[in-house]
Amino acid sequence: MTTKIMRLNNFTRHLPPTKNWQLLWQKTMQRERVRWLLTDFAVPALALLLFLGLWNSVASHIDTSLGKLPGPAQVWEQAGKLLQEHTQERDKEKAFYQRQEERNARLQAEDPTAEIKVRAYTGKPTFFDQIFTSIVTVLSGFALATLFAIPIGIVCGLSSVIYRAINPLIQIFKPVSPLAWLPIVTMVVSALYVSDDPLLAKSYVNSAITVTLCCVWPTIINTTVGVATIDNDLINVSRVLRLGWFTKVYKIVLPSSVPLMFAGLRVSLGIGWMVLIAAEMLAQNPGLGKFVWDEFQNGSSDSLARIIVAVLAIGFIGFLLDRAMLMLQKYVTWDPKAVVR
Amino acid sequence: MKSNHLEVSQVSIEFPTRNGPFKALDRVSLSIAKGEFVSLIGHSGCGKSTVLNIVAGLHRATEGGVILNGREVDQPGPDRAVVFQNHSLLPWLTAYENVALAVRQVFKGRKNRKEMDDWIKHNLQLVHMEHAMDKRPAEISGGMKQRVGIARALAMEPEVLLMDEPFGALDALTRAHMQDSLLEIHARLGNTVIMITHDVDESVLLSDRIVMMTNGPAATIGEILQVDLPRPRDRLELADDPHYNHLRAEVVRFLHERHGRKVVTPFAAKAQDSAADTANLAAGGV
């Protein structure tokens, strides 16, 4: 015990002399906090400031046909404006429904048999509506892709014959750009999805399917690898137990490939989000892609700043989607040694 | 010997390789009585695991076959439960769930939910793992994992328990504990056991017979040693038992002299090395 204290004393010699261990403890804790502030907060904050400064100075030197390239201040201003437009639009919508309700009530009071019409508000979608549309679209495309990719991946992982049959197709279609898929998807959807009163807008279907076509591949490949590299002893366990095919897949193959599968899903969603913006531009799906395109066509002096707001929003939502997938991935990963980040 | 419970009959196996077929086993014949504990011992790569896998049904013999209770073995099944060398528990399931997977499959329709639950717990108790049944494999030690693996195998109520170097990856102390547990379980349940081992003491302590295999290729049974030590056996008493030591020496002698690789004692090795060095020097280079 005494030697321990002596050793500690040796170790802490360079510190201000103190007999109060509690105080010393507090001091070290403070030092920890300072270090945390420096590394986890100050460094990223400083880098961000540096970036904003650089952006500001460079942007002011670039003249475009739409005026100077906007700096952080203009972008901030436009972000505020977009939010303001959103609240105004919502107020207008509320007012519209209130007027309609009042009118209908009055009509009914005058003549109980009067025909009452209820119309939906048809204002133009705000920036936030468009964000919502984009997220819904990418998630539907991603869900569709997952629905195909996981079974295909499992089958490819279990059977080397099927893998050899499908692999060339995967390798060829994987690098294809969404811009190449979109015209084909558009034509096929128009040919097959014929309805007088479509439940889903064609632009939405086109964008979602394009997302699907571009983001199935990583999940297929990762699931295949996950299933194919399953520990042979575990397969032997299922053979000794005489598990049926479905039980084997459900109890042994799926859980053991789940970590890699989710790594693939995460990559897929990232690609899907990137692809979506391009798809929406061309398909005119009322999401962020269309927002960027419309602002570009609009060509006002505010357009570039508004597009940059959209760029930042796209980046931030992409980041959030990735975080959400990361949390899922961590949740399903059973191997405590696996490093997931 | 009692009626033939398990009969390994003239089993040969060839594996296709780039340089033509490789004959791993050549006419291995062995008959095992019910309740007998048999060890397979031999040098690495002599085909012990292949014999076990053929009995398990995981490999098919090229010639000959295995007959269990008068029926030929043609596929794996829970009547020949395997305890794998590296435990092979499903890492995402707890100890309880790992055993439950086996129990639910084997006793489907024969036991109700309550009976299954009791049976799972009973088997975990048998290997002294009831305290950690809600832990996952990554949270328990190597010895504990192997215990759960044994519980899973026992829970299948196998005709034959096949153990592929079950304690090979454990430290000496844990291994001794596991051997004692296995002795106790075998005394209680009287399973027929085939165990592969590298450990001479383990084989003598646990088995009724030790099957010593020659080196491959075309490995076969070199000699069978009857271990007629009375049960129950106690490792401390046996340590000083001259008969135990004699049997032990028999196995060592077989492994080292008769059918093993030529084993060089350290002293002789040194002499041989220096002789080789001299030869090299004489030839003008090292």
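Bear in mind that the values in this text are calculations on the coordinates, not laboratory data. Please read these numbers as outputs of a predicted model, since none were measured by experiment. Glycine also receives a Cβ, built like all others from the backbone with ideal geometry; neighbour counts cover every protein chain displayed.
Using the crude model of +1 on Lys and Arg Cβ and -1 on Asp and Glu Cβ, and no other charge, please compute the dipole size for segment A:127-332 relative to its Cα centre, in debye to 20.
Charge dipole of segment A:127-332: 900 debye, to the nearest 20.
Quick one: if the Förster radius is 60 Å, what FRET efficiency do A:LYS124 and B:PHE15 give, using the C-beta to C-beta distance and rounding to 0.05?
The calculated FRET efficiency here is 0.25.
Calculate how large, on average over all directions, the projected area of the Cα convex hull of segment A:218-341 is; give the answer in nm² to one decimal.
9.7
Going by how many other beta carbons lie within 10 Å of each one, how would you line up A:SER60, A:SER303, fewest first?
Lowest count first: A:SER60, A:SER303.
State to the nearest 20 debye the size of the charge dipole of segment A:186-249 about its Cα centre, where the only charges are +1 on K and R beta carbons and -1 on D and E beta carbons.
260
Would you kindly state how much longer the chain becomes between A:SER159 and A:THR39 on full extension, computed as 0.36 nm times their sequence separation minus their alpha carbon distance, in nm to one decimal?
Difference between extended and current length: 38.3 nm.
For A:LYS290, give me every one of the lysines with a C-alpha distance below 18 angstrom, ignoring sequence neighbours fewer than eight places off in its own chain.
A:LYS124, A:LYS202
Which whole-angstrom value gives the distance between the alpha carbon centres of segment B:27-50 and segment A:139-163?
Centre-to-centre distance over Cα atoms comes out at 43 Å.
Obtain the nm distance between the two label points defined at B:VAL252 and A:LYS174 by a simple spin-label model: each point lies 7 Å from its Cα along the Cα-to-C-beta direction.
5.7
For segment B:1-159, what is one quarter of the convex hull surface built on the Cα atoms, given in nm²?
11.5
Please return the longest range in chain A lying between exposed loop sites, taking chymotrypsin sites (Phe, Trp or Tyr not before Pro), DSSP loop only, at most 14 other beta-carbon atoms within 10 Å, and leaving the sites out.
The answer is A:194-341.
What are the ³J(HN,Hα) values, in whole Hz, obtained from phi via the Karplus relation 6.51 cos²θ - 1.76 cosθ + 1.60 with θ = phi - 60°, for each residue of segment B:124-135 in sequence order, with x given for Gly and Pro?
Here the 3J(HN,Hα) series is 5, 5, 4, 9, 6, 10, 5, 6, 10, 6, 9, 9 Hz.
Find out how many positive minus negative residues lie around B:GLN10, taking Lys and Arg as positive, Asp and Glu as negative, among other residues whose Cβ is under 11 Å from that of B:GLN10.
Result for the local shell: -2.
What length, rounded to one decimal in nm, is gained on full extension from B:ASP171 through to B:ASN4, with 0.36 nm per residue of separation minus their alpha-carbon distance?
This chain segment gains 56.5 nm when fully extended.
Going toward the positive end of the dipole of segment A:127-332, with +1 on Lys and Arg Cβ and -1 on Asp and Glu Cβ, which of A:GLY287, A:PHE319, A:PHE262 do you reach last?
Going by the Cα projections, it comes out as A:PHE262.
For a footprinting-style exposure proxy, rank A:LYS248, A:LYS117, A:LYS290 by other Cβ within 10 Å, fewest first.
Neighbour counts put them in this order, fewest first: A:LYS117, A:LYS248, A:LYS290.
Please rank A:ARG242, B:ARG71, fewest neighbouring Cβ atoms within 10 Å first, as an exposure proxy.
Listed from fewest to most nearby Cβ atoms, that is B:ARG71, A:ARG242.
So what's segment A:127-332 giving for Rg/Rh, alpha carbon basis, Kirkwood Rh from the mean inverse pair distance?
1.06
Between A:THR113 and A:ASP197, take the C-beta separation as r, use R0 = 25 Å, and let me know the FRET efficiency to the nearest 0.05.
Result of the calculation: an efficiency of 0.35.
Taking only C-alpha pairs under 8 Å that are 6+ residues apart, what is the relative contact order of chain A in percent?
20
Taking the Cα centre of segment A:43-120 as origin and charging only Cβ (+1 Lys, Arg; -1 Asp, Glu), how large is the dipole, in debye to the nearest 20?
100
How long, wide and thick is segment A:148-216, going by the Cα atoms along their three principal axes, in whole angstroms, largest first?
Per principal axis, max minus min of the Cα coordinates gives 45, 22, 17 Å.
Where the convex hull is taken over the Cα atoms of the protein assembly as shown, what is its projected area averaged over directions, in nm²?
Mean shadow area of the hull around the Cα atoms is 53.9 nm².
How big is chain B by Rg and Dmax over its Cα atoms, in Å?
Cα radius of gyration and Dmax of chain B are 21.2, 79 Å respectively.
Applying 1/(1 + (r/R0)^6) with R0 = 25 Å to the Cβ-Cβ distance of B:SER141 and B:ARG231, what FRET efficiency is obtained, to the nearest 0.05?
Once the sixth-power term is evaluated, E becomes 0.30.
Simple spin-label model, 7 Å along Cα-to-Cβ: B:LEU189 to A:LEU50 in nm?
Using points 7 Å along Cα→Cβ, the separation is 6.5 nm.
Could you tell me the relative contact order of segment B:6-242? Use alpha-carbon pairs under 8 Å, at least six residues apart, and round to a whole percent.
About 28 percent, as a whole number.
Which whole-Hz ³J(HN,Hα) couplings does segment A:161-167 yield from phi under the Karplus relation 6.51 cos²θ - 1.76 cosθ + 1.60, θ = phi - 60°, glycine and proline marked x?
So the J values, rounded to whole Hz, are 5, 5, 4, 5, 6, 8, 3.
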